[in-house]
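The values are calculated or read from the model by the stated rules, or taken from the named source; none is laboratory data. Quantities reported herein were computed from a predicted structural model and do not represent experimental measurements. All Cβ positions, even for glycine, are placed from backbone atoms using ideal geometry, and neighbour counts span all protein chains on display. Note: areas computed on protein heavy atoms with side chains; ligands, DNA, RNA excluded. Shrake-Rupley method; radii C 1.70, N 1.55, O 1.52, S 1.80 Å.
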Amino acid sequence: MMQGTYYKEWSSVLNREMEFKVYGSAGVPVLALPARGGRFFDWENNGMPDAIAQLLNEGKIQLFCADNVDGEGVLNGDLPLRRRAEAQEKYFVYLTAELAPRILTLNKAEKGTKIWCAGVDLGAYQAVNCRLRRPNLFAGAVGMGGIYDLSRFWGAENDDLVLRCSPLLYLQENGIANKLALAKAEENSLILCAGQGAYEDDAKADTQALADVLQAQGLPAHLELWGGDVSHDWYWWGKMWSLFAPRILEK
């Protein structure tokens, strides 16, 4: 099992310390997001760095595995919806305004370098949300077994902040996603993949729905729906990651 370098740093946006781990010493920086309610160490514990060990060891990719705050926002049914949306939006600001610059510093990135994002389950939503809303910062995203319909957790009630947090909604509006930049991108800058096996029904439906909305808006994306043996678990996400990570290097 590959061992990463551990960091614990203060976030002024979230008003708390946030942890993350880094794997590899150079290469294209990739921000990795865990499954719902997961932690920064879940990628390591489930073999995701090992799945691309050669790319990491050769200095082609550097992986930054972030923590999440799902329990304070998306998944916290004890809070009013507005508070949950506020917590999610703060997390988005943390990823884009605090962690992203830190990633570029640790990566010793040249000026103009963009970050890739990758995530599984609800982490796929976080990754894709970063790419859709900040394409000038994030070069692309890989979503595996993604859950993109936040109404699964929040219900059908909407307000302006819920809209801002929900790609299936905001892609149909103007002013939230940078559609001009996204429209110029290559298909492989947004890779969406889900299986059709056990516990994958929601991810399959959401992945297809997101691909359909993107297509309707004229925004490129690469969609793959794998077979009926592909379940909603880390084993298959590792298979997907080993296949899709090399495509990051094709950009």
Residues that are among the aliphatic types (A, V, I, L, M) and without any contact (Cβ under 8 Å) to a residue 12 or more places away in the chain, drawn from the stretch 46-104: 79
statement: Flagged in the stretch 203-251 as under 19 Å from residue 166 (Cβ atoms), assigned to a helix (DSSP H, G or I) and either over 18 Å from the mean Cα position of the chain (by Cα) or of a type in the set (Val, Ile, Thr) (or both), in numbering order, are 207, 212, 213, 215, 216
message: For the stretch 152-176, which positions are among the polar types (S, T, N, Q) and either assigned to a helix (DSSP H, G or I) or surrounded by 17 or more Cβ atoms within 10 Å (Cβ to Cβ) (or both)?
response: 166
- prompt: Which condition does residue 231 not pass, out of (1) open to solvent by 30 Å² or more (accessible area, probe 1.4 Å); (2) modelled with pLDDT of 95 or more; (3) farther than 23 Å from residue 103 by Cβ, if it passes all the others?
  reply: (1)
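Return the residue satisfying two criteria in turn: it lies in the stretch 96-123 and is charged (D, E, K, R) and assigned to a loop (DSSP other than H, G, I, E, B), and of such residues it is least open to solvent (accessible area, probe 1.4 Å). I'd like the intermediate steps shown before the answer.
Step one: list which residues in the stretch 96-123 are charged (D, E, K, R), which gives 98, 102, 108, 110-111, 114, 121.
If we keep only those that are assigned to a loop (DSSP other than H, G, I, E, B) too, we end up with 108, 110-111, 114, 121.
Numbers: 108: 171, 110: 149, 111: 209, 114: 82, 121: 5 Å².
Taking the candidates together, the pick is 121.
Residues are listed down the side, and each one gets a yes or a no for (1) exposed (fewer than 13 other Cβ atoms within 10 Å of the Cβ); (2) among the charged types (D, E, K, R):
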position	(1), (2)
8	yes, yes
12	yes, no
38	no, no
41	no, no
- request: Look through the stretch 177-214, keep the residues that are free of Cβ contacts under 8 Å to residues at least 24 places away in the same chain and in contact with a strand residue (DSSP E or B) (Cβ under 6 Å, 6 or more places away or on another chain), and return whichever of them is least open to solvent (accessible area, probe 1.4 Å).
  value: 211
message: Being hydrophobic (A, V, I, L, M, F, W, C), assigned to a loop (DSSP other than H, G, I, E, B), open to solvent by 50 Å² or more (accessible area, probe 1.4 Å) and farther than 17 Å from residue 115 by Cβ is the requirement here; does residue 79 meet it?
response: no
query: Of all residues in the stretch 22-31, which are under 26 Å from residue 72 (Cα atoms) and surrounded by fewer than 22 Cβ atoms within 10 Å (Cβ to Cβ)?
result: 22
statement: Restricting the stretch 124-144 to residues that are in a strand (DSSP E or B) and in contact with a helix residue (DSSP H, G or I) (Cβ under 6 Å, 6 or more places away or on another chain), the one surrounded by the most Cβ atoms within 10 Å (Cβ to Cβ) turns out to be 143
